[in-house]
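Notes follow once the structure below has been shown.
The values are calculated or read from the model by the stated rules, or taken from the named source; none is laboratory data. Note that this is a predicted model, so its numbers are computed, not measured. All Cβ positions, even for glycine, are placed from backbone atoms using ideal geometry, and neighbour counts span all protein chains on display. Note: accessible area is taken over every heavy atom of the protein model, side chains too, but ligands, DNA and RNA are not part of it. Shrake-Rupley method; radii C 1.70, N 1.55, O 1.52, S 1.80 Å.
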Amino acid sequence: MRTEVLPISGAPIGWFGQNCVYEEKVLQLEPGQRLILFSDGILEAFGPDGEEFGADRLVTSVLETRNEPLQASLTKLVEDAQASKAPVQKLVD
């Protein structure tokens, strides 16, 4: 099974009203294939080491369960992201 990470471009959906232009990508999913959409919140979950969960960990979590039922795959992803969280405060400018 092939895995493709689509590049991210443009402003977050809903941030700047109707003036945003987004690139379109057409995908044809076959039965059993998945399209995983996520927000930056999961990427920015901080672990006890102060590191963000990040895109690499997200991809790893998804790949580890790609042959599992969808619900099991999503549950594992959430568990992985929550395990990386710790009571570390993120400083926001």
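Can you tell me how many residues in segment 23-56 are more than 18 Å from the chain's Cα centre (by Cα), among the acidic types (Asp, Glu) and within 15 Å of Leu6 (Cα to Cα)?
Qualifying residue count for the region: 2.
With the structure loaded, tell me whether Thr3 is open to solvent by less than 90 Å² (accessible area, probe 1.4 Å) and more than 17 Å from Ala81 (Cβ to Cβ) or whether it fails that test. Reasoning before the result, please.
Values: open to solvent by less than 90 Å² (accessible area, probe 1.4 Å): yes; more than 17 Å from Ala81 (Cβ to Cβ): yes.
Yes, satisfied.
Do you know which residues across segment 22-81 are without any contact (Cβ under 8 Å) to a residue 60 or more places away in the chain, of a type in the set (D, E, K, R), part of a loop (DSSP other than H, G, I, E, B) and surrounded by 11 or more Cβ atoms within 10 Å (Cβ to Cβ)? So that I can check it myself, show each step before the final result.
Looking only at segment 22-81, we keep the residues that are without any contact (Cβ under 8 Å) to a residue 60 or more places away in the chain, and these are 22-62, 64-65, 68-81.
Filter once more, keeping what is of a type in the set (D, E, K, R): 23-25, 30, 34, 40, 44, 49, 51-52, 56-57, 64, 68, 76, 79-80.
Among the residues that remain, those that are also part of a loop (DSSP other than H, G, I, E, B) are: 23-25, 30, 34, 44, 49, 51, 68.
Hits for segment 22-81 are Arg34, Glu44, Glu51, Glu68.
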